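**Q** My questions will all concern the structure given below.
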Amino acid sequence: MFAVIRTGGKQYRVAAEDLIKVDKVRGNPGEIVQFGEVLVVGGDSITLGQPTIAGASVAAEVIEQGRGPKIIAFKKRRRKNSRRRRGHRQEFTLLRVTEILTDGAKPSQTARPKREPKKPAGESDEAKRPKAKAGPKTRGRAAGAKKPAKSPAKKPQKPKSGGKD
């Protein structure tokens, strides 16, 4: 089964488990977003919308929110000492289509819960806390550390002016 959806002023032909890159839509990674503008639903029989199919929608999971490559827009007006350089990175959303729904059905999958990063064995919350700040005289060095001594640099003696010696 496939569907044609419209989002961001563009049309996409999608099927279940497809990965598509669309203009940015709201949603955090792991959330389910629903597209209501379904133009065509196909499979054994094709249903065309006029312009959309009532009650049909496509559910997709947000995989990633990102930005595309930098595009440089450079304009130069010759002999006028005028030029302009602008960069642009288009924002996108990477989606995995989970289901194609018809007749007003709701998506069966829900947003995945956010995973917390695993803690290494034996590490506790107390170990992560910053230690007490050093006094004002140490200025960022460890409490017992001393400032390294500098040896004076010796310069060769040169005559101050004029004569040959």
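Throughout, read-outs are computed from the coordinates displayed, never taken from laboratory work. All values derive from a computational prediction rather than experimental measurement. Neighbour counts run over all protein chains shown; Cβ positions are idealised from the backbone, glycine included.
**Q** For the range 1-106, place one equal point scatterer on every Cα, skip the solvent, and apply the Debye formula. What is log10 of I(q)/I(0) at q = 0.15, 0.18, 0.19 Å⁻¹?
**A** -0.66, -0.84, -0.91
**Q** Same structure again: Under 13 Å from the Cβ of SER108, count the other residues' Cβ atoms, weight Lys and Arg +1, Asp and Glu -1, and hand me the total.
**A** Counting the neighbours of SER108, the net charge comes to -1.
**Q** While we're here: Can you put PHE92, PHE74, PHE35 in order of Cβ neighbours within 10 angstrom, beginning with the fewest?
**A** Result, fewest neighbours first: PHE74, PHE92, PHE35.
**Q** Please list, by residue number, everything in the range 1-35 whose backbone N is under 13 Å from a paramagnetic label point 7 Å out along Cα→Cβ of THR52.
**A** Only 4-10, 34-35 pass the distance filter.
**Q** Continuing with the same structure: Summing Lys, Arg as +1 and Asp, Glu as -1, what charge do residues with Cβ under 11 Å from the Cβ of GLY68 carry, GLY68 excluded?
**A** Every neighbour counted, the sum reads +3.
**Q** Here's something else I'd like to know. Over the range 2-101, what is the relative contact order in percent, taking alpha-carbon pairs closer than 8 angstrom and at least six residues apart?
**A** 34
**Q** Determine, for ILE32, ILE71, the number of other Cβ atoms within 10 Å of each Cβ, and report the residues in order from fewest to most.
**A** By the 10 Å Cβ count, ascending, the order reads ILE71, ILE32.
**Q** Using a 10 Å cut-off on Cβ atoms, rank the peptides 57-64, 43-50 from the highest mean neighbour count down.
**A** Packing proxy ranking, top to bottom: 57-64, 43-50.
**Q** Obtain the nm distance between the two label points defined at LYS10 and LYS70 by a simple spin-label model: each point lies 7 Å from its Cα along the Cα-to-C-beta direction.
**A** 2.2
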